[in-house]
1. Which residue, of His96, His54, is in contact (Cβ under 8 Å) with a residue 12 or more places away in the chain and part of a loop (DSSP other than H, G, I, E, B)?
2. Only one of Arg149, Arg164, Arg118 is surrounded by fewer than 23 Cβ atoms within 10 Å (Cβ to Cβ), outside the structural domain of Ala8 (by TED's automatic domain parsing) and not in a helix (DSSP H, G or I). Can you tell me which?
3. Output yes when any residue across segment 260-279 is farther than 20 Å from Arg170 by Cα, modelled with pLDDT of 80 or more and buried (at least 18 other Cβ atoms within 10 Å of the Cβ), and no when none is.
4. Are any residues in segment 36-45 modelled with pLDDT of 95 or more, farther than 23 Å from Ser138 by Cβ and not acidic (Asp, Glu), and if so, which ones?
5. From (1) closer than 28 Å to Leu195 by Cα; (2) assigned to a loop (DSSP other than H, G, I, E, B), pick out the condition that doesn't hold for Ala155.
Amino acid sequence: MPSLTHEALLLLFRNRPTLAAEMLREMFGVPVPPFTEARVEPAELTEILPAARHADLVILLLDGRPVLAIVVEAQLCRDPEKLFTWPAYVMAVRTHYRCRACLLVVTTDPAIARWSGRPIDLGPPDWTLRPYVLGPDSVPKIVVPREARKRPELAVLSVMAHGRSKDGLRMAISALTAAAGLDPSQQRLYMDVVLASLNEAAKRSLEAMMKSGYQYQSDFAKKYYKQGSVESGTHSVLTVLEARGLEIPEEVRTRVLASQDPDELTQWLRRAVVIEDVRALFSPSAPSS
């Protein structure tokens, strides 16, 4: 049964059909041909492949006619069978749409990315399929909400690839900020995926921030987590600092716990996400997320 991660990876490309072309161009320098439309096509192609065998996703780029077919495969484990089915998928869509075709493998595991990226020798004289692999090493870290809003799906993919790193919390905030204007069903999915992609400390911090009324929470997040009290706001500030591995001096902890001002706590919470020195928490000139 497909996992949440597997299905989420594919839904990101379904929800933004141009994402596959953007990643090929930006991450791998592929000369993607000009196109005016990108659409999701049926992946079964049963007239060419057996019904039980079909690609995860097929994205077709068109400029009046098909110009490039991109087979998108979400891969989370080693599967030697893919060395035979992946070439079949690519040739099937090439035959069906009468255009060039390529394979884009998407994974959140660095080891699987390395395995998936090996050239597949199809036969002599030098007939080789070289997959493009979008893994943690090639997915950018998106920590600025302004950038995340441009491409919410890429922001979520960024969290899936790097959510357990030290920047995971900042990326999660950016991704959920970007998701605020999307369809509620997409928001729900992206929320679940983001939370599942974080380590436990970052996950607790994000949940605490939402409960405390953090500035970046959307209307959706307010429904997802009920508004908290001033007390939860104080603990949110401390939880974020602890999740980032920062040592909290006793005087800082005391001052945070003593605050009764929701606006002040929100400002400190914003700074807690980005500061490197805990004492900068109270500095008006300190950066904030």
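1. His54
2. None of the others qualify; the one that does is Arg164.
3. no
4. If the condition is that a residue be modelled with pLDDT of 95 or more, farther than 23 Å from Ser138 by Cβ and not acidic (Asp, Glu), then Thr36, Arg39 are the ones that fit.
5. (2)
Residue-wise test of (1) charged (D, E, K, R); (2) more than 19 Å from the chain's Cα centre (by Cα); (3) modelled with pLDDT under 95.
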| residue | (1), (2), (3) |
| --- | --- |
| Pro2 | no, no, yes |
| Glu7 | yes, no, yes |
| Arg25 | yes, no, no |
| Pro34 | no, yes, no |
| Arg53 | yes, yes, yes |
| Asp56 | yes, no, yes |
| Leu61 | no, yes, no |
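The values are calculated or read from the model by the stated rules, or taken from the named source; none is laboratory data. Predicted, not measured: the structure shown is a model, and the values here were computed from it. Cβ atoms come from the backbone with ideal geometry, glycine included; neighbour counts cover every protein chain shown.
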